[in-house]
Amino acid sequence: MTQGEAEWWMERFNIADYDHDGILNFTELRDFLHPEDSQNHEMLTWMVRDKLKRMDDLEIDGKLNFNEFEEHVYSTYESYMDFETNGGDVPIAKDKFAELDVNNDQFLSPEELLPIVPYLYPGEIAYAKYYTSYLMNEADDDEDERLTLQEMLNHESVFYNTVHEDGDGYEENDDEHDEL
């Protein structure tokens with residue numbers, strides 16, 4: 001491990017250590033391991049700042065101008081928003097940039113990007129949410145946003161395929177699946 005890497009890990013540890021006692025409790029360890037799921041404002045800001053450093057930030061200023069936002073950030077935001085709204089109204093890059101640029105300096109700082117962090121760096125909770133939404137869309141026959149056991153049974157392959165993958169060397173044998 002190089003000195004730079006060690007410093008990076010130490011900085012991440014110190015930010016996750018919310019109570020600054022030098023020890024990570026359960027919540028702090030979760031934030032350390034999965035900063036994208038953190039509720040710690042400082043951890044989220046650090047994560048965005050770190051991602052900006054790794055990004056092709058042409059001016060290396062820790063902020064994004066509109067072109068950098070459009071090229072590196074907006075498409076990820078747009079794809080998640082498109083899914084979340086079922087193809088509904090997603091703001092164009094220019095409008096979203098203007099909305100996020102609260103100080104109107106024509107740059108987005110890490111703090112200004114925080115409102116869209118869940119779309120840029122979805123954590124495990126976000127994946128579970130999106131996959132649940134997918135399952136609901138596939139199996140909710142009467143579109144009441146609630147699933148009955150019958151609807152789930154009518155679409156058992158949708159649920160079954162979430163657990164088992166067909167692939168090379170995979171042979172399905174119904175005798176081995178008595179529980180279903």
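In this label model, PHE26 and GLU143 are separated by 4.2 nm, measuring between points 7 Å along each Cα→Cβ vector.
Which listed residue (TYR74, MET152, PRO110) has the Cα farthest towards the positive end of the charge dipole for the chain, taking +1 on Lys and Arg C-beta and -1 on Asp and Glu C-beta about the Cα centre? Farthest towards the positive pole: PRO110. Computed FRET efficiency, Cβ-Cβ of GLU78 and GLN39, R0 22 Å: what is it to the nearest 0.05? Calculated transfer efficiency: 0.30.
For the chain, how big is Rg over Rh, using alpha carbon atoms and the Kirkwood form of Rh?
A ratio of 1.08.
Of the peptides 142-151, 120-129, 30-39, 43-52, the ranking by mean beta-carbon count within 10 Å, highest at the top, reads 43-52, 30-39, 120-129, 142-151.
Placing +1 on each Lys and Arg Cβ and -1 on each Asp and Glu Cβ, with no other charges, gives the chain a dipole about its Cα centre of roughly 1200 debye.
Taken together, the values in this text are just the output of simple stated rules run on the coordinates, not laboratory data. What you see is a predicted model; the values in this text were computed from it and never measured. Heads up, the Cβs are rebuilt from the backbone with ideal geometry, glycines too, and the neighbour counts pull from every protein chain shown.
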